[in-house]
Structures are given as C-alpha cells and as structure tokens.
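These notes concern the structure reproduced below.
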Amino acid sequence: MHGPMAYFYDGLTARRHAAHVALSTDRSALIITSDSLPDPVQWRLMDLRTVTKRAGGDRLSVTRHTASFDEAPRDTARLVILDPELIDWMLRTRPDLGKVERQPGMLRKLAVYAAGAIAATALILLVILPALANVLARVIPIDREIAFGRTVVTQMQQQLEWMGGAETLVCDDPAGLAALDVMLNRLTATRDMSYAIDLQVFDHPMVNAFAAPGGQVVILQGLIDESRSAEELAGVLAHELAHVESRDATRLALRAAGSAGLLSMLVGDFTGGALFAGLGEQLLSAHYTRDAEAAADMFALEMMEAAQIDATGFADFFETLAEHEGHDGHGLPEYFSSHPVTSDRAARAQLFALEQTQTRPILSDAQWRDLQQVCE
C-alpha cells in the first residue's frame, strides 16, 4: 500500500498504529493489520459503532460495541478509517453504525437515581430547611434581621411598583400616618416589644398586611378600604405584630431563601434582586403554620384586651374574609389548610369580645377618616 488506510488505537497505550484494513473473506468482519501490532485484529461488522465522523467524509472513526462498565458499553480501542471507498461502503451497508447502545437496565437505574434525587430534595425542602430556619431565627442577631427585613420590603416595593406602573407605593399623608402611629402606640403601650416597629402603608388594592423580618410591618391600602372600623384594622395590625414578636416572618424568609437557593442550583442562576423579591412575595402570601396563626390570633386578642380595644372588630374582619372566601371559609378542611378556618377564627374572636368588660375607641372619627385617606 502507498499509505495507511487507517489509524488504529488499541485503547491501552497512547500509540497510533498505521494500519491496513480489509474485509474478511466472508465480508462479515474487518481485519486490521499493522507492522506495529503483534497480531491482526478482527472486528465483526455487526459490532461496529461510530465515534465521530468528520464533515466531508474523508475519515470515519469507529469502535466496537462490547461489554463495559460505562453507560454506553464499547471497546476502548478505536479505528480511524481513511479509505473513501470503504467509508462509503460502510455507511451504505451498515445501518447500525450510528446506533446508541445502553447498558441493560440503564433506564431503570436512571429512574431509581431520579427518584432518589427527588426524595432527597423533598427531604431538604420539607424537613431540613424548616428545622434549620427555626434554629437560625432564634440565633440571628437582631440588627442583621432588621437589615434583612428592610431589604426584603424594599425589593418587594420595587417589584409592586414595576408591576403597577407607579412611581412609588409608599403613602405619606402626614395626618394619616399620625393616626396610624396613634393606633400602633396604643397597641404596644402595655407590651415590652422586642423590636422598634417600622410601620408603612403601600398604595395597593390587595386586602392584606404582612410582617417582614426585623419589625417591618406593611399594610396595603386595600385592607384599609375594606376595614369597616379602626378596630378591624387594629386587630389585623396586632396579628402582624404577633408574627413580628414570634419571629415567624424571619423563619418563613429564611426557609424561602434556603428553598430558592436550592432550587437555583437545580434550575439555574437566581439573582440577588430576584431572590429578595421572591422572599417579599412569600411574605405577601405568607402561609404560616396553623399553630403559628392560632398563636398570633391569641396574641392579638390579648394585646387588644390590654389596650382596651373592642375585639368585635377583629371578629368582623374574619367574617368579611369568610364571605370573600365562600362557603364560610371552608374551602378546605382545617387539617389541610395552612391557616385555621376563617369562620372558626371569627367565632373565637367574637367569644373573646363578649367577655371583655371595658373598651374604648382606638381612634376618634376624625383620626379614622385621616387614616383612610393616608394614600391620597
């Protein structure tokens, strides 16, 4: 021969063998010979599989399908064919050249691995992260918690402003804010609070309020609009103050941050701004445990009792929510709900109110009107 028809790599050494390739007499195998090989190598055509094929068809790299511990079982040796006629003949007559082989049971093994990964992820999300969040919420320094909470609120504010097309959501009417301070001071006057409460109102139609880490509390204008009395709003505010004091918001935020971090590793990058915005959304639609919600309700009722505020308004608020939910708040059985059933909460608040002996209005009529117009 004038030049090598192929190069053979034995898979054991890095040496390249200049080889000659020919078909066996029965045309069922390739016979590979080389001056540097001790003996001819015979590969059955039915076992050949392509490794790579360079564009233009000037070479064809093949190996041999055989038992191995790899996912795709194949021989470690490789043959690079340079003869155009042989390449053309093999591509025309060997339909299995491009076949992708898999180890027997590989799909079952992959399914087992996937199930294990899902189970491990669920264990982390549902068991380990909540337990870790509970521990961290008790030991994180308050100054760090306050800074964390402010960042969450700021990011959520920016996101809501972007979604609504508003320049700012923060309500700043002086008379309305003064009335809100009266309400806050009245509620906390008899309590030794762990945090200096930073209370804001956002001009958003959602009927909601939320507590963020570090004493940050936000009331949305929609809640003020739906409240039929200052006492209704005071009950909700007292409930959020309970979450602040119990560090429920901190636990929820830490858990959400851990979940977001884990999911970002699984599905891709999660930027810092999006992370905090996501935490804000978690707090806005906070789903505390049933025990935490029930404890916050009792904290609020006791706070209202100490401040001589009629708890009937708190009960009225739950009744209003039950009307919005439909079916008297029984959209889901209580056991499957992250919150106690709304009608049950209303009944407990109403019973508490009936046992109160001395109450007085939390705001004057003029102060309540000012608060209702805090975003105007």
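Entry remark, the range 31-49: residues being out of contact with any His (no Cβ under 7 Å at 6 or more places or on another chain), of a type outside the set (Val, Ile, Thr) and farther than 17 Å from Ser61 by Cβ number 7 in total. Scanning for something at pLDDT 85 or above and of a type in the set (Val, Ile, Thr), does the range 320-334 turn up at least one residue? The answer is no; no qualifying residue exists. Hey, can you tell me all the residues within the range 352-368 that are part of a helix (DSSP H, G or I), more than 30 Å from Asp173 (Cα to Cα) and either in contact with a His (Cβ under 9 Å, 6 or more places away or on another chain) or open to solvent by 100 Å² or more (accessible area, probe 1.4 Å) (or both)? Matches in the range 352-368: Leu354 only.
Selection of the range 1-40 for residues being touching a strand residue (DSSP E or B) at 6+ places or on another chain (Cβ under 7 Å), open to solvent by 100 Å² or more (accessible area, probe 1.4 Å) and not in a strand (DSSP E or B) yields only Met1. Residues considered: Leu177, Leu241, Leu169. Of these, the only one that is closer than 29 Å to Asp310 by Cβ, open to solvent by less than 30 Å² (accessible area, probe 1.4 Å) and touching a residue at least 24 places away in the same chain (Cβ under 8 Å) is Leu241.
Of all the criteria given as (1) open to solvent by 20 Å² or more (accessible area, probe 1.4 Å); (2) modelled with pLDDT under 80, the one not satisfied by Ala249 is (1). Being within 18 Å of Met156 (Cβ to Cβ) and over 27 Å from the mean Cα position of the chain (by Cα) is the filter here, so list the residues in the range 204-236 that pass it. Across the range 204-236, the qualifying residues are Gln221, Gly222, Leu223. In the range 60-87, of all residues being at pLDDT 85 or above and outside any strand (DSSP E or B), the one that is nearest to Ser24 (Cα to Cα) corresponds to Leu86. Entry remark, the range 300-318: residues being open to solvent by less than 30 Å² (accessible area, probe 1.4 Å) and not in a loop (DSSP other than H, G, I, E, B) number 9 in total.
The values are calculated or read from the model by the stated rules, or taken from the named source; none is laboratory data. All values derive from a computational prediction rather than experimental measurement. Here Cβ is always computed from backbone atoms with ideal geometry, including for glycine, and neighbour counts include all displayed protein chains. The protein model used for the area step is the full one, side chains on, heavy atoms only, and it has no ligands, DNA or RNA in it. Shrake-Rupley method; radii C 1.70, N 1.55, O 1.52, S 1.80 Å.
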